[in-house]
1. Rounded, prolate or oblate for the stretch 21-63? Axes are the square roots of the Cα gyration tensor eigenvalues, ordered a ≥ b ≥ c, and the cut-off for rounded is a/c under 1.5.
2. Determine which lysines satisfy two conditions relative to residue 236: a Cα distance under 24 Å, and not lying fewer than 8 residues away in the same chain.
3. Which percent, to the nearest 5, of DSSP beta bridges fully inside the chain are antiparallel?
4. Which of 92, 141, 202, 105 comes first, and how do the rest follow, when ranked by fewest Cβ neighbours within 10 Å?
5. With a 10 Å Cβ neighbour count serving as the proxy for reagent exposure, in which order, fewest first, do 74, 58, 104 appear?
6. Farthest toward the dipole's positive end in the stretch 1-138, which of 73, 63, 29, given Cβ charges of +1 (Lys, Arg) and -1 (Asp, Glu) about the Cα centre?
7. Any idea what the dipole of the chain comes to, in debye rounded to 20, about its Cα centre with Lys/Arg Cβ at +1 and Asp/Glu Cβ at -1?
8. Please name whichever of 196, 180, 226 sits farthest to the positive end of the charge dipole of the stretch 99-249, dipole taken about the Cα centre and charges placed at Cβ: Lys and Arg +1, Asp and Glu -1.
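The numbers here are math on the coordinates, done by the rules we state, and not lab data. Just so it is clear, the model here is predicted, and its values are computed rather than measured. Cβ coordinates were reconstructed from backbone atoms using ideal geometry, including for glycine residues, and neighbour counts include every protein chain displayed.
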Amino acid sequence: MAMLKVEELSVKVREREILREVSFEVGEGEIVALLGPNGSGKSTLLHAIMGRPGYEVSGRIIFNGIDITGMSASERAKLGIGFMMQIPPALKGVRLRDLIKRLSKIYGTDQDTLRRISEELRIERLLDRELHRGFSGGEMKKVELLLLAAQNPKLALLDEPDSGVDLESLPIIGKVINEIVGASDSRAREKRSAIIVTHMGKILKHVRNANRAYIILNGEVKCFGNPADLIEDIEKYGFSECLRCVRVV
Ligand code: ADP
Ligand code: MG
Ligand code: MG
């Protein structure tokens, strides 16, 4: 059974149609990449799956057999959807350490695992600061990843985890994504899945098991294919002319 089924999803924001009849699936244990030019609707799609308020949505979003289209973001989070935002909000008065503690209590995440992940990401020094206040771009990505780990999600939505990240940090971020999704652990009882939005596909070299990529163009799913092939084609021919993909009509 597919973990996530998006069926003819259209999204309007302030009267403007940003996504048009988008359909795709994410299987259990699958990592799916979303590619597309700036402004094509990738972030809007992840926000719509997470249940951001203020969107006018038609179509259906099915998560583990449950229709979540009308549910609030917090209901979706409780079902196991976690979101790493491209541009997260800064929260005055909210200390990162306290937020992590709260999240791990709510989601039953192991504190030692989170401590190890924050060491791996080398962000211990940020734990006593207010969330994302004055953080650099790369620090924000790492902190979002730690927050995602604290949510212990079944389906992780990752919006550009590799943008603005230095070369040395990239493999570390890939490793942590693998830990969150559990792609490296074949003994995991329940297979986890992820959707990764990426511009250059850099992160896919460090993430195991990226099975499929979709290209989103002007708010529509144009085609899908093997991630490495599509990225090579996009570099050579651009998003609209890539060759080794299956078109979605
Ligand atoms: P991507 O992530 O693919 O770069 P986005 O999903 O962020 O693209 O945005 C898609 C389009 O929708 C862009 O043209 C953007 O300006 C527009 N958009 C997104 N959110 C809003 C909003 N809240 N109000 C108006 N326009 C929006
Ligand atoms: Mg973008
Ligand atoms: Mg975006």
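1. Details: a/c = 1.86, a/b = 1.14, b/c = 1.63.
It comes out oblate by the Cα gyration axes.
2. Candidates past the 8-residue exclusion: 42, 202, 205, 222.
3. On the way: 25 of 43 bridges.
Here the antiparallel bridges make up roughly 60 percent for the chain.
4. Numbers: 92 8, 141 26, 202 17, 105 11.
In order of increasing Cβ crowding within 10 Å: 92, 105, 202, 141.
5. On the way: 74 9, 58 12, 104 18.
Arranged by neighbour count, lowest to highest, 74, 58, 104 become 74, 58, 104.
6. It is 73.
7. Details: 38 positive and 35 negative charges, 126 e Å.
Computed charge dipole of the chain: roughly 600 debye.
8. Most positive-ward Cα: 180.
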